[in-house]
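The values are calculated or read from the model by the stated rules, or taken from the named source; none is laboratory data. Keep in mind it's a predicted model, so treat the numbers as computed, not measured. All Cβ positions, even for glycine, are placed from backbone atoms using ideal geometry, and neighbour counts span all protein chains on display.
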Amino acid sequence: MTTRPAGSIGISLGEVETPALLLDLDAFERNLKRMADAAVGAALRVRPHSKSHKCPVIALRQIDCGAVGVCCQKVSEAEAMVNGGVRDVYVCNEIVDGAKIQRLAALARQARVAVAVDHPDNVKALREAALRFGVELSAFVEVNVGMERCGVEPGEPVVALARQISGSPGLHFSGLQAYHGKAQHLLTYNERREAIESAVEKVKLTKSLLEQAGLPCEQISGSGTGTYCFELKSRVFTELQPGSYIFMDVEYGNIQGRDGGPYRDFEHSLFIYTQVMSCPSEDRVVVDAGLKAFTTEKGMPWVYGMPDVQCVGVSDEHSLLRINGSDHTFKLGDKLKLIPPHCDPTVNLHDWYVGFRENRVEALWPITARGPGY
């Protein structure tokens, strides 16, 4: 059941109830434009990953800024995007459950639908569903370029699967899924560059073998917020799948940029709004946002604009902030912004974005694809 928003349009930011998921609309829009401009300059397509935001309103804003559609991780996410007006979705993940495959094929009657595959049995199941619903599904072969998760090995195994797809009525071989997720958060610029260079070589080899086999490789899709600049320059990738770039988080704040300093390609726009609920001592305060407002599998949140105030403990409904030798003094009801450690699962805990500009609430956007996914 969807909860009511934490605020209403037109009120001041200070009137928003806590904890709430805040979106700085100015920073968000600058992030959109930076990625779009970079892709246009390299003549690449952008297909942002909706698992970061789970919100059709944001997906349509991305499309208005030049994106060709969105990526999804779950069938339920794809359904939410299409129901919200998106007409081009790519589930860049393997869908093997029979009921989910039927839903995916049914969705292709409303929008262009693509899906990733890495097994011959999955190809057969997708073909049967596509024929049953009288649709065509686009299929990408997922290649293991270093992620060591899903995907077939580069080279001949890809050719064999692509050949099966091309010979399957109801399916269209659209290209390669070549996402290197492990590279996104490697600490240094050079570590990320080397990881993507290795991935590019595997993709080049595979693409060459596909062409020799008479199997055109129309799209090579992949990339993420931490490595997009390398895929842009590769002249191999045709489509970028960044997700976190619109928000950023602590995990991306911890990696280095080209100059060895903090990674600053994009701005922090997503925050957990919280307020002080207890002041036990001069160097310690407690705020009203905890594990039910953000996740901590990537560490603790940062206190926005207050580097000398650290989050040192989190429980279900509380976070403990330590004041480290600063002049900050807090009183009950003071409101702070926390930068989430990991934006994707944090968004998944909330029903609404409270979009603000300067000090005024301007938008309330529902997070209709939230939940565990099915």
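How many of the residues in region 255-286 are part of a strand (DSSP E or B) and in contact (Cβ under 8 Å) with a residue 60 or more places away in the chain?
Residues that pass the stated criteria total 8.
Give the residue that is farthest from the chain's Cα centre (by Cα), with candidates limited to residues of region 138-158 that are assigned to a helix (DSSP H, G or I) and surrounded by fewer than 18 Cβ atoms within 10 Å (Cβ to Cβ). Working first, answer last.
Our first condition is that a residue be assigned to a helix (DSSP H, G or I); within region 138-158, this holds for 156-158.
Subset that is surrounded by fewer than 18 Cβ atoms within 10 Å (Cβ to Cβ): 156-157.
Numbers: E156: 30, P157: 28 Å.
Among residues in region 138-158 that are assigned to a helix (DSSP H, G or I) and surrounded by fewer than 18 Cβ atoms within 10 Å (Cβ to Cβ), the one farthest from the chain's Cα centre (by Cα) is E156.
What pairs can you find where one residue is in region 321-332 and exposed (fewer than 10 other Cβ atoms within 10 Å of the Cβ), the other is not aromatic (F, W, Y), and their Cβ atoms are less than 7 Å apart, with a gap of 6+ or different chains?
As it stands, the answer is G325/D308; K331/V276; K331/C279, since those pairs meet every condition given.
Those residues that are crowded, with 20+ Cβ neighbours inside 10 Å, of a type in the set (F, W, Y) and assigned to a loop (DSSP other than H, G, I, E, B), I need them from region 290-312; list them, please.
Answer for region 290-312, where residues must be crowded, with 20+ Cβ neighbours inside 10 Å, of a type in the set (F, W, Y) and assigned to a loop (DSSP other than H, G, I, E, B): just F294.
Any residue that is β-branched (V, I, T), in contact with a Gly (Cβ under 6 Å, 6 or more places away or on another chain) and not in a loop (DSSP other than H, G, I, E, B) - is there at least one of those in region 329-349?
The answer is no, given that none of the residues of region 329-349 is β-branched (V, I, T), in contact with a Gly (Cβ under 6 Å, 6 or more places away or on another chain) and not in a loop (DSSP other than H, G, I, E, B).
Any residue in region 14-36 that is more than 26 Å from G333 (Cα to Cα) sitting within a Cβ distance under 6 Å of a residue that is in a helix (DSSP H, G or I) and not hydroxyl-bearing (S, T, Y)? List the pairs, counting only those 6 or more apart or interchain.
Close Cβ pairs satisfying both conditions: F28/I246; N31/I246.
Out of curiosity, is L364 assigned to a strand (DSSP E or B) and crowded, with 21+ Cβ neighbours inside 10 Å?
Details: assigned to a strand (DSSP E or B): yes; crowded, with 21+ Cβ neighbours inside 10 Å: no.
No, not satisfied.
With the structure loaded, tell me whether S278 is more than 18 Å from P341 (Cβ to Cβ) and modelled with pLDDT of 95 or more or whether it fails that test.
Yes; evaluated as a whole, the condition is true for this residue.
Which of the following residues is among the hydrophobic types (A, V, I, L, M, F, W, C), out of contact with any Ser or Thr (no Cβ under 8 Å at 6 or more places or on another chain) and not in a helix (DSSP H, G or I): V135, V113?
Step by step, each of V135, V113 is checked, and only V135 is among the hydrophobic types (A, V, I, L, M, F, W, C), out of contact with any Ser or Thr (no Cβ under 8 Å at 6 or more places or on another chain) and not in a helix (DSSP H, G or I).
Just for region 46-90: of the residues that are touching a helix residue (DSSP H, G or I) at 6+ places or on another chain (Cβ under 7 Å) and of a type in the set (D, E, K, R), which one is farthest from S234 (Cα to Cα)?
Within region 46-90, the match that is farthest from S234 (Cα to Cα) is E79.
Search region 204-222 for residues that are over 30 Å from S244 (Cα atoms) and pair each with any residue that is part of a loop (DSSP other than H, G, I, E, B) when their beta-carbon atoms are under 9 Å apart and the residues are at least 6 apart or on different chains.
If the second residue must be part of a loop (DSSP other than H, G, I, E, B), the pairs left are L209/P154; L209/G155; L209/L215; L210/P216; L210/C217; E211/C217.
Quick check: is even one residue across region 265-274 hydrophobic (A, V, I, L, M, F, W, C) and farther than 19 Å from R34 by Cα?
The answer is yes; a qualifying residue exists.
Matching residues to (1) touching a Phe, Trp or Tyr at 6+ places or on another chain (Cβ under 8 Å); (2) under 24 Å from R34 (Cα atoms):
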| site | (1), (2) |
| --- | --- |
| Q164 | no, no |
| P169 | no, no |
| L176 | yes, no |
| H185 | yes, yes |
| E191 | no, yes |
| V203 | yes, no |
| I220 | yes, yes |
| G224 | yes, yes |
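Name the one entry in E94, E79, E17, E29 that is over 24 Å from D351 (Cα atoms) and at pLDDT 95 or above.
Details: E79 fails: over 24 Å from D351 (Cα atoms); E17 fails: over 24 Å from D351 (Cα atoms); E29 fails: over 24 Å from D351 (Cα atoms).
Criteria check complete, one pass: E94.
Need the failing condition index for Y245 against (1) of a type outside the set (D, E, K, R); (2) outside any helix (DSSP H, G or I); (3) surrounded by 14 or more Cβ atoms within 10 Å (Cβ to Cβ), just the number.
(2) is the only condition that Y245 fails.
Residues that are surrounded by 18 or more Cβ atoms within 10 Å (Cβ to Cβ), assigned to a helix (DSSP H, G or I) and more than 23 Å from the chain's Cα centre (by Cα): does region 210-227 have at least one?
yes
Among V91, V75, which is more than 14 Å from the chain's Cα centre (by Cα), in the same structural domain as I220 (by TED's automatic domain parsing), β-branched (V, I, T) and under 19 Å from A139 (Cβ atoms)? Break it down into steps so the answer makes sense when it comes.
Values: V91 fails: more than 14 Å from the chain's Cα centre (by Cα).
Selected residue: V75, the only one of V91, V75 that is more than 14 Å from the chain's Cα centre (by Cα), in the same structural domain as I220 (by TED's automatic domain parsing), β-branched (V, I, T) and under 19 Å from A139 (Cβ atoms).
What residue, of A80, A6, is over 18 Å from the mean Cα position of the chain (by Cα) and buried (at least 19 other Cβ atoms within 10 Å of the Cβ)?
A6
Does D308 fit the bill of being among the acidic types (D, E) and touching a strand residue (DSSP E or B) at 6+ places or on another chain (Cβ under 9 Å)?
Working: among the acidic types (D, E): yes; touching a strand residue (DSSP E or B) at 6+ places or on another chain (Cβ under 9 Å): yes.
Yes.
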